[in-house]
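A.B. asks: One structure coming up, written as structure tokens, with questions to follow.
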Amino acid sequence: MEKGTNITVFIRRYDPEKDSAPRQQQYTLQVERGLTVLDGLHIIKQTQDPTINFRFSCRMGVCGSCGMMINGVPGLACNTQILDVATTALTLAPLPNFNIIRDLVADLVPMFDVIKGLQPYIQRSDVEEMENPTMEYFQTPHQLEEFLQFTYCIKCGSCMAACPTMATDREYLGPAPLTQAYRYNIDSRDDAGDERKELVSGSHGIFNCHYAGECSNVCPKGVDPARAIQLMKKNLVLSYFGLAKHKCAHVHKKPDKSSWKPKIAAPPFTV
Ligand code: FES
């Protein structure tokens, strides 16, 4: 496509306080290589229609606030170049499976509430040691590798929007919260796996996942929630039969480094 080509942008407009149903509004936008969907929205807002609502913060794929449907696929507006996804027409809509606050802004609070309820933080029985540490919790590179990719989730809601189970059951916990539960369950420093396993195995819980895998396909950060969910299902079954292996890491005394000397002596300091 030539530099500066015009494309038609269709934006879903909806104000729950004024409109009885969503409507589509059409704009023309001149695009060139490098222009992101978020840049395009800013241009339309500044030059054509100041009433459009969308959400953003970091503009660099980190905060997760600009998630929306871009030509029918959930993604980040700031991380998607228009010419990578559209040649003549671009359709923008809010993330499905969430209530709409206005226009392209979906209400992600229910997802955050579920994540909070699944206790996404390290918990241990040695509370005193956690609060006033005297030693270290060692973790091997392999133990870190087991959960590292799941820490990259930015809670943008793209996986929730793509999930067919979410579409039919709004009470389903959803791929983002379940991934966070798994991330902490397999952290070798954590001791609250049994409690979280109880929380995720209810009637709207993890076994409602049908493994469509769309959550992993659309994740803009390359996280694989479908894998986390399947591995957690496996761990739940193993725990049921008393075969689960997770053991909480013990504390290790910090090595005394006071007598350590550098192998090569530092050159004398001269002014
Ligand atoms: Fe932060 Fe897009 S604005 S992820």
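A.B. asks: Tally up the residues in region 64-74 that are in contact (Cβ under 8 Å) with a residue 40 or more places away in the chain and more than 17 Å from Asn53 (Cα to Cα), please. Working first, answer last.
C.D. replies: Kept after step one, since they are in contact (Cβ under 8 Å) with a residue 40 or more places away in the chain, are these residues of region 64-74: 64-67, 69, 73-74.
Okay, now just the ones that are also more than 17 Å from Asn53 (Cα to Cα), so 73-74.
Of the residues in that region, 2 qualify.
A.B. asks: Any residue at all in region 61-73 that's in a loop (DSSP other than H, G, I, E, B), in contact with a Gly (Cβ under 8 Å, 6 or more places away or on another chain) and either closer than 20 Å to Tyr14 by Cα or of a type in the set (A, V, I, L, M) (or both)?
C.D. replies: Of the residues in region 61-73, the ones in a loop (DSSP other than H, G, I, E, B) are 61-66, 71-72.
Okay, now just the ones that are also in contact with a Gly (Cβ under 8 Å, 6 or more places away or on another chain), so 64.
After this cut, where a residue has to be either closer than 20 Å to Tyr14 by Cα or of a type in the set (A, V, I, L, M) (or both) as well, the list is none.
Scanning region 61-73 turns up no residue that is in a loop (DSSP other than H, G, I, E, B), in contact with a Gly (Cβ under 8 Å, 6 or more places away or on another chain) and either closer than 20 Å to Tyr14 by Cα or of a type in the set (A, V, I, L, M) (or both).
A.B. asks: Find the residue count for region 177-227, including only residues that are among the charged types (D, E, K, R) and assigned to a loop (DSSP other than H, G, I, E, B). Let's see the steps before the verdict.
C.D. replies: Just the residues of region 177-227 that are among the charged types (D, E, K, R), to begin with: 183, 187, 189-191, 194-198, 214, 221, 224, 227.
Restricting the remaining residues to those that are assigned to a loop (DSSP other than H, G, I, E, B) gives 187, 189-191, 221, 224.
Residues in region 177-227 being among the charged types (D, E, K, R) and assigned to a loop (DSSP other than H, G, I, E, B): 6 in total.
A.B. asks: Count, please, the residues in region 195-243 that happen to be surrounded by 12 or more Cβ atoms within 10 Å (Cβ to Cβ) and in contact (Cβ under 8 Å) with a residue 40 or more places away in the chain.
C.D. replies: Adding up the residues that qualify gives 26.
A.B. asks: Please specify each residue of region 54-81 satisfying the condition of being out of contact with any strand residue (DSSP E or B) (no Cβ under 6 Å at 6 or more places or on another chain) and either of a type in the set (Lys, Arg) or more than 14 Å from the ligand (Cβ to nearest atom) (or both).
C.D. replies: Arg59, Gly72, Val73
A.B. asks: Mind checking whether some residue in region 122-135 is within 23 Å of the chain's Cα centre (by Cα) and either loosely packed, with under 15 Cβ neighbours inside 10 Å or not in a loop (DSSP other than H, G, I, E, B) (or both)?
C.D. replies: So in region 122-135, the residues within 23 Å of the chain's Cα centre (by Cα) come out as 122-123.
Pick out the ones that are also either loosely packed, with under 15 Cβ neighbours inside 10 Å or not in a loop (DSSP other than H, G, I, E, B) (or both) and you get 122.
Yes, there is a match, as at least one residue in region 122-135 is within 23 Å of the chain's Cα centre (by Cα) and either loosely packed, with under 15 Cβ neighbours inside 10 Å or not in a loop (DSSP other than H, G, I, E, B) (or both).
A.B. asks: Just to verify a result, which residue in region 26-43, among those that are away from the ligand (no atom under 15 Å from the Cβ) and part of a loop (DSSP other than H, G, I, E, B), is surrounded by the fewest Cβ atoms within 10 Å (Cβ to Cβ)? Break it down stepwise before answering.
C.D. replies: Step one: filter region 26-43 for residues away from the ligand (no atom under 15 Å from the Cβ), giving 26-34, 43.
Next, from what is left, pick out any that are part of a loop (DSSP other than H, G, I, E, B): 32-34.
Numbers: Glu32: 13, Arg33: 11, Gly34: 9.
Result: Gly34.
A.B. asks: Take the residues of region 82-94 that are of a type outside the set (A, V, I, L, M) and within 18 Å of Tyr27 (Cβ to Cβ): which is nearest to the ligand (Cβ to nearest atom)?
C.D. replies: Step one: list which residues in region 82-94 are of a type outside the set (A, V, I, L, M), which gives 84, 87-88, 91, 94.
Next, only the ones that are within 18 Å of Tyr27 (Cβ to Cβ) stay: 87-88, 91, 94.
Numbers: Thr87: 23, Thr88: 25, Thr91: 18, Pro94: 14 Å.
The extreme case among them is Pro94.
A.B. asks: Among the residues in region 44-52, are any within 16 Å of the ligand (Cβ to nearest atom) and at pLDDT 95 or above? Don't jump to the end; show me each part of the working.
C.D. replies: First pass over region 44-52, keeping only residues within 16 Å of the ligand (Cβ to nearest atom): 45, 52.
Keeping just the survivors that are at pLDDT 95 or above gives 45, 52.
The answer is yes; a qualifying residue exists.
The values are calculated or read from the model by the stated rules, or taken from the named source; none is laboratory data. Given the structure is predicted, the values throughout are model-derived calculations rather than measurements. Note that we place each Cβ from the backbone using ideal geometry, even for glycine, and neighbour counts take in every protein chain shown.
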